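The values are calculated or read from the model by the stated rules, or taken from the named source; none is laboratory data. Computed from a predicted model, the values in this text were never measured in an experiment. Note: ideal-geometry Cβ built from the backbone for every residue, glycine included; neighbour counts use all protein chains shown.
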Amino acid sequence: MIKYIIKRFLMIIPVIIGISFLLFSVMELTPGDPARLILGETAAQSDVDALREEMGLNDNFFVRYVNYVVNALKGDFGNSYITGLPVSTEVISKFPATFKLAVTAMLIAVIIGIPIGIISAVKQYTIIDTVSLISSLIMTSMPGFWLGLMLILVFALKLDLFPVTGGDTWMHYVLPSVTLAASTMAILIRMTRSTMLEVIRQDYIRTAKSKGSGESRIIFKHALRNALLPIVTVIGINFAVQLGGSMIIENVFAIPGVGSLMIEAVKMKNTPVVLASVIFVALLGGLVNLAVDILYMYIDPRLRSQYVKG
């Protein structure tokens, strides 16, 4: 098991290197001069040239990339072109807001989506099933920014129940969390319904019914446990995406998270902040996927031998 975890962790490294190289190339090709950005539009060209030389911007592309990777391995991701602060400090300072938003949204999606999916499967072709499927289709179709604006209009401006922007208190996270949870909730409803329908048609479910097992025991002990693997996969993937910073939602509600930081950094061609943010997000995504794979072992003991061998 330990070997498997180490192997999976080592597999994250080439992914991060590939992402960093691609992003470094994209930022290099975008127009704009970091030295001019730091000194301002009114700075003399001689000062800009001197700063470019000091920052190593006149070096070859591959030389600069290798230097960046070497410094990053030492824990130095550079300083922000705008604030002059270490970018690792800026990213870490923004992460708690994104983490609160992602966790709250995922809890809402799981607490509501999975039970509705189970009920929809058990009550197949009833009015409950129809309503749940239509609701999930609507939630999937709605753009996140539009839903967020509608929630602000109704619950913040008209009813004055929640604050509009910011992230100072838990009240600030209610509307953005619901907005972010909507699409994940819709996916969970449909995934739970389809996997439960597939499981409850299996022979061992009919055997359990013939033995007189109660309906709730059959659903939760036999059916749900065997239907959990794809559901956990969906939860893990969506949670990793949300941890990466839901940029649109964070911008709509002005939440100072990683997503907002990345958007501002891209606008200003703040390459160190963009690179550090994306590498941080990629690392989190890899760790979440690893955690999901380990969780598979506890959900389905049949996979334990495969993980041990791997």
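Descriptive notes on the structure:
- Inclusion of THR165 among residues that are touching a helix residue (DSSP H, G or I) at 6+ places or on another chain (Cβ under 8 Å), at pLDDT below 85 and not charged (D, E, K, R) is warranted.
- In segment 165-257, counting only helices (runs of 4 or more DSSP H) that sit wholly within it, the ones holding 2 or more residues that are under 28 Å from the mean Cα position of the chain (by Cα) and crowded, with 21+ Cβ neighbours inside 10 Å span 174-199, 224-243, 247-252.
- Test set (1) surrounded by fewer than 20 Cβ atoms within 10 Å (Cβ to Cβ); (2) under 22 Å from ILE249 (Cβ atoms) - GLY113 fails condition number: (1)
So that you can scan it fast, the table gives a plain yes or no per residue for (1) without any contact (Cβ under 8 Å) to a residue 60 or more places away in the chain; (2) on the phi < 0 side of the Ramachandran plot; (3) part of a helix (DSSP H, G or I):
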{"position": "PHE9", "(1), (2), (3)": "no, yes, yes"}
{"position": "SER20", "(1), (2), (3)": "no, yes, yes"}
{"position": "MET27", "(1), (2), (3)": "no, yes, yes"}
{"position": "ILE38", "(1), (2), (3)": "yes, yes, yes"}
{"position": "GLU41", "(1), (2), (3)": "yes, yes, no"}
{"position": "LEU51", "(1), (2), (3)": "yes, yes, yes"}
{"position": "LEU57", "(1), (2), (3)": "yes, yes, no"}
{"position": "ASN67", "(1), (2), (3)": "yes, yes, yes"}
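Rundown of residues vs (1) over 22 Å from GLU264 (Cα atoms); (2) over 26 Å from the mean Cα position of the chain (by Cα), yes/no style:
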site: GLY18; (1), (2): yes, no
site: ALA44; (1), (2): yes, yes
site: ASP47; (1), (2): yes, yes
site: LEU51; (1), (2): yes, yes
site: LEU57; (1), (2): no, yes
site: TYR68; (1), (2): no, no
site: THR89; (1), (2): no, no
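- From the list ARG206, ARG190, the lone residue that is basic (Lys, Arg) and more than 30 Å from GLY144 (Cβ to Cβ) is ARG206.
- When VAL274 is tested against (1) closer than 23 Å to ALA72 by Cβ; (2) out of contact with any Leu (no Cβ under 7 Å at 6 or more places or on another chain); (3) modelled with pLDDT of 85 or more, exactly one condition is not met: (2).
- Residue in segment 74-85 that is of a type in the set (A, V, I, L, M, F, W, C), surrounded by 13 or more Cβ atoms within 10 Å (Cβ to Cβ) and in a helix (DSSP H, G or I) present: no
- Pairs where the first residue, in segment 164-175, is of a type in the set (Phe, Trp, Tyr) and the second is surrounded by 15 or more Cβ atoms within 10 Å (Cβ to Cβ), C-beta under 7 Å, 6+ apart: TYR173/LYS100; TYR173/LEU101; TYR173/THR104; TYR173/GLY167
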